[in-house]
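The values are calculated or read from the model by the stated rules, or taken from the named source; none is laboratory data. Just so it is clear, the model here is predicted, and its values are computed rather than measured. Positions of Cβ are backbone-derived with ideal geometry, glycine not excepted, and every protein chain shown enters the neighbour counts. Protein only, heavy atoms only, side chains kept; ligands, DNA and RNA dropped before computing areas. Shrake-Rupley method; radii C 1.70, N 1.55, O 1.52, S 1.80 Å.
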Amino acid sequence: MRHSTFFWFFLPTGLAMLLFIAFPIVSVISQSVFTPHEAVFVESENCGPFGCTTETTIDQDATAALREAKPLGQFVGLQIYLDRGHLATSEVAAAWRSTDSMGAFFKTINNLPFYRAMGFTLTYTFTVTPLLIILGFAIAVAVNSLHRHLKGLVIFFSLLPMIVTPLIGSLILFWMVDSRGVLGNFLQWMADDPDLSLKASTGLTWIMLIVYGVWHSAPFAFVVFYAGLQTLPQDTLESSRIDGATRWQQIRYVVIPHIMPLVTFVALIQIMDNFRVLEPIIGFNAEAHARSLSWIILNDLNGETQLLSSAATTSVLTILGVSILLSPVLVRTWRDFNSKA
Amino acid sequence: MASQLNKKPLALSLFSTGFIVIWLILAAFPFIWTLWGSFKVELDFFSKADWTNALTGARTTVEYGSPFTGAGYHGAWVQEEFWRSVINTAIVCFFTVTISLTLGTLGGYALSRSGFKYVFWLLIAALIFRAMPPITLVSGYLLQFFNWNVWGILPTTIIVLVAINQPFTLWMLHSFFQKIPKELDESAIVDGCTRFQAFRYVIIPVMWPGVITTGLFSFLLAYNDFAVTTLLLAEENRTMVPAIAAFMGTTQTEGNVMFAVAAVVSATAPLFVLVMFFQRQIVSGLTAGAVKG
């Protein structure tokens, strides 16, 4: 295909991505180093018979002129990155100096909003991802041994938790584990504690969100692994059986190596998606105990006064986090491409 | 012989069946429970006193004379005007899917037929864009959209969703077009077609299976999106998902949780139908990316 033909074919989609993904990233980065102008104040002295008073008023014209002259706002460099709402360098340094044990240090750090959100986001990502891979694999192996007619039905029901809107799925579970809901009642009966509420404790809230995350994403792993099992080399499996491999050994030495590339694929997609966790926190009404990076951004943008600079800063930090998580994959893709060429 | 060797001991097959049954209950029970409960009153749906009330609808019978009531649906659809959000969702989904498939097929076709090095970089850029949480882009939109006075309306949201959708669409369609033999359109070009004519008369007739699969996922993205629609739509233009999120704030305090339950069930129903009819395409779409990787 000639360059010019390629250009015309690719132009519409390229333009869409350039205007609504690439430019916004630039805009987000620039917003994170600028703050809106403060109003220009003028002090005027009013002298009357009872002495002089100074009055401070906003100079509307000067403020408008300043905003006109520098529409981006006031350049503040990395100031927003370092403030208490984000990286909080001075608070961290102070905590490092004043605390004598690592435990106490982390406890102080954990009270800073950004680090708390980071802590939850990473915990969520790295507990949900392995758990859903294990559960998805177990379902795939079990379904694979089912009778042909049952498979379709099982796949239909298995897809539901994944297909359903995340906010809706989490609301449905939230109503069930509510202390008046059916699962909530059941748990109270199990724990023999009529006041048990999953919403009241941080630990239980986190577990609830993680369970939701696994429930929501396990079907994806299941479907991918199930497809992988269909292409299992039957003769390898059979010869391992003739060599006397037990069922477990067949899975361990034949099945798992065969689907390992798929495990990497699922892990990659799921790390990407779990890192942006937001809807379950809203659905489970869990923001008192668990906040993610996405939640902080939403909160900044949704408030009475939109804190654009603060949201932009968190966005940039989130993008950096995603890039760090994904860098191994990119390096691998790059190597694959070069080895092919 | 092979089947003899493969025969499972009874204990294992019981265990495996039991595991599947438990998983099916986990996957399906919440939906069935909520569907059943959406026709009850709140005191039955959340019954502290006796959980069987939620099944029998004891309180609902007391209040409405029958164990089922459509009061929640009436409240959501008529009183809270949920139908507006349903129409908005339909508009957003229809245009997002159509536009993103149009752009995506052209781009994906070009990527699959060009052997130059920039194809790799474009695909990598798309992968990076795909990895970015959409909400991180929103603060970049807001200022401009306010300045141009286009914030809050449906077309803006549609365009943003189309753009966010492009990276995924491109990857899917690129790998799909690669499976269509090159000889097909190249012979058309030899016969005197331009590239676009070859695309129009040779590729378009055979591309529908891949396009439908990709379209399903575009639809799901637009339908399920929360972050972008919440932040970019004005209150009167809300789609279903932000409308339900807003219900949570308002109805919970007014004791109208059942409105939200009814709205949630209403929003889940189309997805059920979708999975029922397109199960095969969804499964093949999920695995399409994986088998390559």
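Which of the GluC sites (Glu not before Pro) found in region A:237-341 are in a DSSP loop and have at most 10 neighbouring Cβ atoms, other than their own, within 10 Å? Display every interim value, and only then the final one.
Working: sites: A:E238, A:E287, A:E304; in loops: A:E287, A:E304.
Taking region A:237-341 and a limit of 10 other Cβ atoms within 10 Å, the loop GluC sites (Glu not before Pro) found are A:E304.
Couplings for region A:319-328, taken from phi via the Karplus curve 6.51 cos²θ - 1.76 cosθ + 1.60 with θ = phi - 60°, read 4, 4, x, 4, 5, 5, 5, 8, 4, x Hz in order; Gly and Pro are left as x.
Sequence-ordered 3J(HN,Hα) estimates for region B:115-122 from the Karplus curve with 6.51, -1.76 and 1.60 and θ = phi - 60° stand at x, 6, 5, 5, 4, 4, 5, 5 Hz, glycine and proline given as x. Summarising the amide proton neighbourhood of A:G181: residues at separation of 5 or more, or on other chains, whose placed amide H is nearer than 5 Å comprise an empty set.
Its DSSP H runs of at least 4 residues, each contributing -39,500 (n - 2.57), put the calculated 222 nm mean residue ellipticity of chain B at -25000 deg cm²/dmol, to the nearest 500.
How high is the FRET efficiency between B:A90 and A:T53 when r is their beta carbon distance and R₀ equals 60 Å, given to the nearest 0.05? Intermediate results must be reported in sequence, preceding the final value.
Values: r = 62 Å, r/R0 = 1.03.
The calculated FRET efficiency here is 0.45.
Close amide H partners of A:D59, meaning residues 5 or more places away or on another chain with modelled amide H under 5 Å apart, are A:V40, A:F41, A:V42.
Over the residues of chain A, the helix contribution to mean residue ellipticity at 222 nm works out to -22500 deg cm²/dmol, using -39500 (n - 2.57) for each DSSP H run of at least 4. Label positions at A:A62 and A:I242, each projected 7 Å from the Cα along the C-beta direction, are separated by 9.3 nm. For region B:95-148, the percent of C-alpha pairs falling in each 5 Å distance bin, counted from 0 to the bin holding the largest distance, reads 4, 15, 15, 19, 22, 15, 7, 3, 0. If you take the Cα centroid of region B:175-242 and the Cα centroid of region A:162-220, the two points sit 37 Å apart. Taking amide H positions as modeled 1.01 Å from N, with prolines and chain starts lacking one, the residues under 5 Å from A:F34 and 5 or more places away or on another chain are A:V76.
Partner aspartates and glutamates whose Cα lies under 20 Å from the Cα of B:K48, excluding those fewer than 8 positions away in the same chain, are identified as A:D178, A:D192, A:D193, A:D195, B:E63, B:E254. In terms of its C-alpha gyration tensor, region A:244-299 comes out prolate, because a/c is 1.5 or above and the ratio a/b outweighs b/c.
With each label modelled as a point 7 angstrom along the Cα→C-beta vector, the B:L184-B:L24 pair spans 3.8 nm. Applying the criteria of a DSSP loop state and at most 15 other Cβ atoms within 10 Å to the GluC sites (Glu not before Pro) of region A:1-65 yields A:E38. With an a/c value of 1.5 or above and a/b not larger than b/c for the gyration tensor axes a ≥ b ≥ c computed over the alpha-carbon atoms, region A:26-108 is described as oblate. Compared with the dominant principal axis of the Cα atoms in chain A, helix A:166-177 is inclined by about 80°.
Under the classification rounded if a/c is under 1.5, otherwise prolate if a/b is larger than b/c and oblate if not, where does the protein assembly as shown fall, given a ≥ b ≥ c as square roots of the Cα gyration tensor eigenvalues? Oblate, since a/c reaches 1.5 and b/c is not below a/b. Listed values for region A:240-251 are Karplus-derived 3J(HN,Hα) couplings in whole Hz (6.51 cos²θ - 1.76 cosθ + 1.60, θ = phi - 60°), namely 5, 5, 5, 6, x, 5, 6, 4, 5, 5, 4, 5, and x replaces Gly and Pro. May I ask for the distance between the Cα centers of region B:81-150 and region B:9-45, given as a whole number of Å? Answer, in whole Å: 37.
The angle separating the long axis of helix A:113-144 from the principal Cα axis of greatest extent in chain A is about 20 degrees.
Taking Cβ atoms as reference points and 12 Å as the exclusive limit, the residues near A:A39 contribute a net charge of -2, counting Lys and Arg as +1 and Asp and Glu as -1.
Can you tell me the FRET efficiency between A:Q306 and B:E81 if r is taken as the Cβ-Cβ distance and R0 is 25 Å, rounded to the nearest 0.05? The calculated FRET efficiency here is 0.40.
A:W206 sits with roughly 70 Å² accessible to a 1.4 Å probe, with DNA, RNA and ligands left out of the calculation.
Compared with the dominant principal axis of the Cα atoms in chain A, helix A:89-98 is inclined by about 80°.
Please list the three semi-axes, largest first and in whole Å, of the ellipsoid equivalent to chain B, using sqrt of 5 times the eigenvalues of its alpha carbon gyration tensor.
Those come to 42, 31, 16 Å.
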